[in-house]
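The values are calculated or read from the model by the stated rules, or taken from the named source; none is laboratory data. Please read these numbers as outputs of a predicted model, since none were measured by experiment. We place every Cβ from the backbone using ideal geometry, glycine too, and count neighbours over all the protein chains shown. Just the protein is used for accessible areas: all its heavy atoms, side chains included, with ligands, DNA and RNA removed. Shrake-Rupley method; radii C 1.70, N 1.55, O 1.52, S 1.80 Å.
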Amino acid sequence: MAFASVLQYGILVVLVFIASPKGAIQIFSGGIGIVPKLLEYVIESVITYYILIYHVLLPLMRKERKFIQTIKYWSILFAAKTLINYFLFEFKDYSTASLSSESNENSTYWFFWSMIIYFVQNIFFSFFAALIIEWIRKGKAQIMLEKQKVEAELKALKHQINPHFLFNSLSFIYSKVYKIDKDTAESVLILANIMRYALGKNAISNGKLSIMDEVSHLKNVIEFYQRRYNYSLNIRYEEQIEDQSITTIPLMLITLVENAFKHGDLTDPNVPLIMRLKTEKDYLSFFIQNKKGKGIKELSNGIGLQNIEQQLNLVYGKRAALLIRNEESMYSISLMITYKI
């Protein structure tokens, strides 16, 4: 920042000197000398750059602040800098100078023009600095995400049994049981599909999954639980999928649903497990609510809500929100993701 301030100061001196040599000497010596004036300028510029980069431009780039608000912050900062510098210009730098009224008016004119040029340069340098900072931040986040993905894959591999052996065994059991007990055979087939999905067989190149695959697996999990408990569980599932091109983090919705199965009371017909899924262009929302109880602990994938929150933050950042509401007798989770950058 200090180097940029010195460079900017030199550019400003040259521009003002070309326009008005006499005005440049008055403005950039300021009665205290060029070196002290430069030091004063560097300190002020570093503060200005810090405010512009970290409190104005970066929040704008990260969609944390609207452009209209940014214009307002620019205006306030410019007005503050101009007033402070004008006060110094009038009462410190020229208190001992014997200038005519015409000379003073000319110097004031060039002072305001120099402030405009100076602030435009501040914004220009700050913009490129903010771009570099944001690029480095995103690069680090991507590296961290890739590292965590590799670690997760290695961990999964360590704990996996041979998937071919598993599916071949389930297929064998299905073929043997089908003629004797059709319902049990179909339950085995559903379980095989659940395991295949959990092992990531449907993942696309970027590691994400189609929302339709996630929904299909979600319904398999619900069906398996209902079969396991003779359709005694009270579940209300609603979906409104307008955009089928939406992709999700693997097992994202499933983890939220499993949390309800593990910790919820699904036996009360007056308070069923409620699930609502909605997708539209560049947007996904999912709401789940259950009555709190001892629950049933089955089919846990071990990912957990904390892991889901971490993945959402790494993949979607501020575009994702996971809201958890923990009341005395009810527990609910709302998930919202905006896909448009």
Checklist entry - Between Ile241 and Met144, what is the label-to-label distance in nm when each label sits 7 Å out along the Cα-to-Cβ direction? => result 3.2
Next on the checklist: What distance in nm separates the two pseudo spin-label positions at Arg325 and Ile47, each 7 Å out from Cα along the beta-carbon direction?
Outcome noted: 4.6
Checklist entry - Hey, with R₀ at 30 Å, roughly what FRET efficiency would Ser334 and Ile180 work out to, going by the Cβ-Cβ distance, to 0.05? => result 0.10
Checklist outcome for this item: Karplus-derived 3J(HN,Hα) from phi for segment 230-239 (6.51 cos²θ - 1.76 cosθ + 1.60, θ = phi - 60°), whole Hz, x at Gly and Pro, runs 6, 6, 8, 7, 9, 10, 10, 10, 10, 9
Next on the checklist: Just to confirm a number: summing +1 for Lys and Arg and -1 for Asp and Glu over residues other than Tyr50 whose beta-carbon lies under 14 angstrom from that of Tyr50, what do you get?
Outcome noted: 0
Checklist entry - Tell me, what is the 1.4 Å probe accessible area of Met144, in Å² to the nearest 10? => result 100
Item to check | Exposure rank, largest accessible area first [Met195, Met275; 1.4 Å] | outcome: Met195, Met275
Checklist entry - Within the set Lys219/Lys291; Lys66/Lys138; Lys176/Lys208; Lys292/Lys318; Lys63/Lys281; Lys72/Lys318, which residue pairs have Cα atoms separated by over 27 Å? => result Lys176/Lys208; Lys292/Lys318
Next on the checklist: 5 Å is the cut-off here: which amide hydrogens, built 1.01 Å from N in the peptide plane, fall below it relative to Lys292, excluding neighbours closer than 5 in sequence?
Outcome noted: Asp265, Met330, Tyr331
Checklist outcome for this item: Residue span Asp268 to Trp74: 0.36 nm per residue of separation minus Cα-Cα distance leaves a gain in nm of 64.1 nm
Checklist entry - Amide H neighbours of Ile241 under 5 Å, counting only residues 5+ apart in sequence or on other chains, H built in-plane at 1.01 Å? => result Thr279
Next on the checklist: Can you give me the distance in nm between label points at Ile136 and Tyr231, each placed 7 Å from the Cα along the Cα-to-Cβ direction?
Outcome noted: 6.2
